[in-house]
1. From the residues in the range A:15-70 that are surrounded by 17 or more Cβ atoms within 10 Å (Cβ to Cβ) and within 14 Å of chain B (Cβ to nearest Cβ), which one is farthest from residue B:245 (Cα to Cα)?
2. Of the residues B:340, B:301, B:290, which is outside the structural domain of residue B:256 (by TED's automatic domain parsing) and closer than 30 Å to residue B:41 by Cβ?
3. Go over the candidates B:345, B:289, B:306, B:339 one by one and state the one that is under 26 Å from residue B:206 (Cα atoms) and away from chain A (no Cβ under 14 Å).
4. Every residue in the range B:314-352 that is under 30 Å from residue A:21 (Cβ atoms) and hydroxyl-bearing (Ser, Thr, Tyr), please.
5. Got at least one residue in the range A:37-53 being farther than 28 Å from residue B:201 by Cβ, among the aromatic types (Phe, Trp, Tyr) and in contact (Cβ under 8 Å) with a residue 24 or more places away in the chain?
6. Being touching a residue at least 24 places away in the same chain (Cβ under 8 Å), open to solvent by 40 Å² or more (accessible area, probe 1.4 Å) and not hydrophobic (A, V, I, L, M, F, W, C) is true for just one of B:343, B:307, B:294. Which residue is that?
7. Looking only at the range B:198-245, which residues are over 18 Å from residue B:135 (Cα atoms), outside any loop (DSSP other than H, G, I, E, B) and open to solvent by 20 Å² or more (accessible area, probe 1.4 Å)?
8. How many residues does the range B:310-332 contain that are away from chain A (no Cβ under 14 Å) and either closer than 22 Å to residue B:2 by Cα or surrounded by 13 or more Cβ atoms within 10 Å (Cβ to Cβ) (or both)?
Amino acid sequence: MYEHLALSDSGFLFDTRTGNTYTLSKTGTFLLRTLIAGGTWQELPTQLAATYEVDDETARRDVEQFSFRLKDLGLVAPEVGS
Amino acid sequence: MKPCTIAVTGLNATDNPGPGVPVIRAIRQANPNCTIVGLGYDALDPGAYMEGIADHVYLMPFPSQGAEVVGQRLAAIHAQTPIDVLIPTLDSELAPYIKLEPVLRGMGIATYLPSAEGLQLRAKDKLSALSAKGVRVPKSVTLTDATAIAQLDQHIEFPVMVKGQFYEAFIAYSPMEVHSHFERLRAKWGLPVVLQAYVPGTEYDITAVGDGQGGLVGSVAMKKMQLTDKGKAWGGVTIADPQLDAFVALTMAALQWRGPCELEVMRAKDSGECYLIEINPRFPAWVYLTVGAGRNLPWATVQLALGQAVAPMPPAPAGILFLRHSLDQVCAMADFQALTTVGELHRKETEQ
């Protein structure tokens with residue numbers, strides 16, 4: 001699902017299928033790194049809240065927005081994380 | 001491998017460099033001890049003067065003068081500097097060199113070129129025939145006469161790409177724009193001029209070598225990252241896309257292509273499907289990227305021309321960048337004099 005995404009520790013993302021590159025924020029890097037490592041979309045808000053000291057609702061909204069952005073950019077399939 | 005002499009054309013380099021110098025660089029990377037004969041058309045071709053590129057340079061007659069004239073010149077060059085392999089790198093050279101292949105073989109000069117039928121099948125005005133073989137291509141109309149332009153909208157939707165026989169393409173949104181581009185392209189490259197439906201999406205370029213039996217020896221796919229004002233790649237990155245790889249393999253199988261080529265593929269924005277836009281019957285100027293990707297296609301071509309077996313290469317890795325640079329080289333007037341007056345420049349001893 002994410003094999004085509006090469007993500008560096010600094011947040012530089014390279015889509016090996018399209019050649020497009022992106023720069024992610026620290027939290028974006030954290031979220032995508034978690035997914036690439038095998039984490040699920042369902043557990044992301046909890047992990048985000050625990051790591052970045054935000055409340056659960058903010059974390060849930062941020063993950064949702066992140067999901068929309070990845071799909072909008074064609075980095076993940078539309079059904080992922082639904 | 002025993003030392004060999006490889007002739008390469010395409011030493012030109014204006015804002016749109018020829019593939020000759022990068023092909024030579026790739027060959028030298030694999031075999032530093034080979035002798036390179038550069039075949040140019042102009043005494044001011046920068047590749048003729050570059051350090052470490054050509055050991056001998058000869059000026060050639062233009063391909064438009066015909067295969068016989070080209071063959072005579074090659075025979076004279078070969079008598080002075082025996083050539084083992086010849087790699088043409090410019091579109092207009094392919095037809096005469098394919099015609100000359102038996103003659104060159106008789107002289108001991110090996111090539112690895114497509115068949116005349118293969119060259120015709122990939123021509124811009126014949127590309128639509130590939131759709132019958134399962135290769136998706138945009139709709140196209142061939143123009144040999146400006147009077148057909150007025151009724152174009154009955155045959156094809158605008159916008160369209162207006163393409164010259166060998167080079168150049170312009171987008172046109174109306175018959176009037178088509179007319180303007182048609183006249184310019186006809187004057188520069190001759191007929192036909194081909195109109196191709198515009199496919200909105202992302203372009204990917206692939207350089208490949210086919211084995212002549214429908215198989216793929218190797219390929220490297222690239223996405224342009226930097227463009228010149230003519231839309232040529234001035235920077236790019238390799239990509240790895242199984243869907244694109246499958247499309248390339250399908251295309252090469254349909255063409256039964258032998259030798260180097262460049263495929264221009266558009267991935268449609270709406271459907272994500274691949275469309276074959278164009279096939280150039282030679283290496284592109286960005287071919288040195290194949291060395292960076294660990295898939296030295298020019299060297300593989302030399303080996304295949306010499307009858308050596310080359311195992312099919314695995315898919316190239318993604319993430320290898322190239323960025324082109326233009327640099328000024330200081331040249332000796334004596335070198336320019338040699339090319340201008342005698343049409344030859346030698347950095348090594350010749351046979352004669």
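1. Only one residue fits best here, namely A:22.
2. On the way: B:301 fails: outside the structural domain of residue B:256 (by TED's automatic domain parsing); B:290 fails: outside the structural domain of residue B:256 (by TED's automatic domain parsing).
Only one candidate qualifies: B:340.
3. Numbers: B:345 fails: under 26 Å from residue B:206 (Cα atoms); B:289 fails: away from chain A (no Cβ under 14 Å); B:339 fails: under 26 Å from residue B:206 (Cα atoms).
Just a single option satisfies the conditions, and that option is B:306.
4. Of the residues in the range B:314-352, the ones under 30 Å from residue A:21 (Cβ atoms) are B:314-327.
The answer is B:326, and nothing else.
5. Taking the range A:37-53 as the starting set, the residues that turn out to be farther than 28 Å from residue B:201 by Cβ are A:37-53.
Next, only the ones that are among the aromatic types (Phe, Trp, Tyr) stay: A:41, A:52.
From what is left, the residues that are in contact (Cβ under 8 Å) with a residue 24 or more places away in the chain are A:41, A:52.
Taking every residue of the range A:37-53 in turn, at least one turns out to be farther than 28 Å from residue B:201 by Cβ, among the aromatic types (Phe, Trp, Tyr) and in contact (Cβ under 8 Å) with a residue 24 or more places away in the chain.
6. On the way: B:343 fails: open to solvent by 40 Å² or more (accessible area, probe 1.4 Å); B:294 fails: touching a residue at least 24 places away in the same chain (Cβ under 8 Å).
Residue meeting the stated conditions: B:307.
7. Result: B:211, B:223, B:224, B:225, B:226, B:227, B:234.
8. Qualifying residue count for the region: 5.
The values are calculated or read from the model by the stated rules, or taken from the named source; none is laboratory data. Quick caveat: nothing in here was measured; it's all calculated off a predicted structure. Glycine gets a Cβ as well: all are built from the backbone with ideal geometry, and neighbour counts include every protein chain shown. The protein model used for the area step is the full one, side chains on, heavy atoms only, and it has no ligands, DNA or RNA in it. Shrake-Rupley method; radii C 1.70, N 1.55, O 1.52, S 1.80 Å.
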